[in-house]
Amino acid sequence: MGHVVTEEWPEQTYAVGKPTRSWVKKCKKKEEKADQQTKLPKPVRRGGQVKQERDTERLQAQQE
């Protein structure tokens, strides 16, 4: 089935160390980049805008 090795509990424990500055900076940059990408407006499709402008011009021309 399996093999279990018994070990004693450690006599002394150590505090968790702080992460390095470079790692913290890297994480912050990634978070900022992710936030910026979610805040950017979606690109406008130029084709739809041009068609809408043509339609309004045609309507104005027909009304005159």
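Can you run down the residue pairs with Cβ atoms below 9 Å, 6 or more apart or on separate chains, where the first is in the range 1-28 and polar (S, T, N, Q) and the partner is surrounded by 10 or more Cβ atoms within 10 Å (Cβ to Cβ)?
none
Only one of VAL24, VAL50 is part of a helix (DSSP H, G or I), surrounded by 10 or more Cβ atoms within 10 Å (Cβ to Cβ) and at pLDDT below 80. Can you tell me which?
Details: VAL24 fails: at pLDDT below 80.
Within the list VAL24, VAL50, the selection yields VAL50.
Could you check VAL5 against (1) assigned to a loop (DSSP other than H, G, I, E, B); (2) at pLDDT below 85; (3) aliphatic (A, V, I, L, M) and say which number it fails?
Among (1) assigned to a loop (DSSP other than H, G, I, E, B); (2) at pLDDT below 85; (3) aliphatic (A, V, I, L, M), VAL5 violates only (2).
Looking only at the range 27-47, count how many residues are in a helix (DSSP H, G or I) and modelled with pLDDT under 85. Steps first, please.
Taking the range 27-47 and keeping what is in a helix (DSSP H, G or I), we get 27-39, 46-47.
With the extra rule that they be modelled with pLDDT under 85, the set shrinks to 35-39, 46-47.
Summing the residues that are in a helix (DSSP H, G or I) and modelled with pLDDT under 85 in the range 27-47 gives 7.
The values are calculated or read from the model by the stated rules, or taken from the named source; none is laboratory data. For clarity, every value in this text was computed on a predicted model and none was experimentally measured. As a convention, Cβ positions derive from the backbone with ideal geometry for all residues, glycine included, and neighbour counts pool all protein chains shown.
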